[in-house]
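Contents: one structure, followed by commentary.
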Amino acid sequence: TVFGEGLKSAEIVFVGEQPGDKEDLAGKPFVGPAGRVFDEGLDAAGIDRRLAFVTNAVKHFKWEARGKRRIHQKPNAAELAACRPWLDAELEAVRPKVLVALGATASQSLLGRQFRVTKDRGRPVESNLAPYVIATVHPSSILRQRTDEERQAAMDDFVADLRVVAELLAQV
Ligand code: URA
């Protein structure tokens, strides 16, 4: 089980989808390739990860064997629902001022199935989960871009969303 990591006094909570291979081995969220993109985005936006609480909508790595590799599988609605009490308990313990959903799985789990990251990213949305709730893409979607140009553009958009997060933090 990979629970969240960070300070109980954190003013910001980031929620990803589920731990990946590296996270499962380390027992910590966002420490693999997606974690490196996440850290790069935070650095560029001037957000100190050590002051944030970082967690996932689902607490276990779901995978399928392909040779010796463990390939990520998307969690289903039942798995999201099963982990929700732990996510709620984390939010209840930390009570962040800003809650950030990373990608469609976390966004739809927190904000409803109708939520569209592509349409609604980068601006605060109405929710009783925290004073400010905002969604952006999942860092691994940046890694999946096909060309360097597309990767750079996706990274720039991710950083722009994180700068909005940094501004919200400064307001509350
Ligand atoms: N992807 C996630 O959604 N969470 C992690 O912790 C790592 C990769």
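Taking the options 112, 103, name whichever one is at pLDDT 95 or above and not β-branched (Val, Ile, Thr).
Matching residue, one of 112, 103: 103.
Of the residues that sit in segment 4-26 and are small (Gly, Ala, Ser) and away from the ligand (no atom under 11 Å from the Cβ), which one is farthest from the chain's Cα centre (by Cα)?
9
Would you confirm, using the coordinates I've provided, whether residue 57 is touching a Leu at 6+ places or on another chain (Cβ under 8 Å), within 18 Å of residue 98 (Cβ to Cβ), of a type in the set (A, V, I, L, M) and touching a residue at least 60 places away in the same chain (Cβ under 8 Å)?
The answer is no for residue 57.
Results for (1) surrounded by fewer than 18 Cβ atoms within 10 Å (Cβ to Cβ); (2) in contact with a strand residue (DSSP E or B) (Cβ under 9 Å, 6 or more places away or on another chain); (3) closer than 16 Å to residue 47 by Cβ, shown as yes or no for each residue.
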| position | (1), (2), (3) |
| --- | --- |
| 128 | yes, no, no |
| 134 | no, yes, yes |
| 139 | no, yes, yes |
| 142 | no, no, no |
| 153 | yes, no, no |
| 161 | no, yes, yes |
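Could you tell me whether segment 118-127 includes any residue that is within 16 Å of the ligand (Cβ to nearest atom) and either closer than 21 Å to residue 32 by Cβ or assigned to a helix (DSSP H, G or I) (or both)?
Looking through segment 118-127, none of the residues is within 16 Å of the ligand (Cβ to nearest atom) and either closer than 21 Å to residue 32 by Cβ or assigned to a helix (DSSP H, G or I) (or both).
Taking the criterion of being within 14 Å of the ligand (Cβ to nearest atom), closer than 21 Å to residue 127 by Cα, surrounded by 14 or more Cβ atoms within 10 Å (Cβ to Cβ) and in contact (Cβ under 8 Å) with a residue 60 or more places away in the chain, would at least one residue in segment 64-84 satisfy it?
no
Here are 91, 102: which of them is closer than 25 Å to residue 170 by Cα, surrounded by 14 or more Cβ atoms within 10 Å (Cβ to Cβ) and within 16 Å of the ligand (Cβ to nearest atom)?
None of the other options fit; the residue is 102.
Looking at residue 107 and the list (1) among the small types (Gly, Ala, Ser); (2) under 24 Å from residue 7 (Cβ atoms); (3) in contact (Cβ under 8 Å) with a residue 40 or more places away in the chain; (4) in a helix (DSSP H, G or I), which single condition is not satisfied?
For residue 107, the exception is condition (3).
Residues in segment 27-53 that are more than 13 Å from the ligand (Cβ to nearest atom), assigned to a helix (DSSP H, G or I) and farther than 22 Å from residue 144 by Cα: how many?
2
Restricting attention to segment 4-19, which residues are touching a Pro at 6+ places or on another chain (Cβ under 8 Å) and either of a type outside the set (A, V, I, L, M) or under 14 Å from residue 105 (Cα atoms) (or both)?
4, 5, 11, 16, 17, 18, 19
The values are calculated or read from the model by the stated rules, or taken from the named source; none is laboratory data. Everything quoted here is computed from the prediction, not taken from an experiment. Positions of Cβ are backbone-derived with ideal geometry, glycine not excepted, and every protein chain shown enters the neighbour counts.
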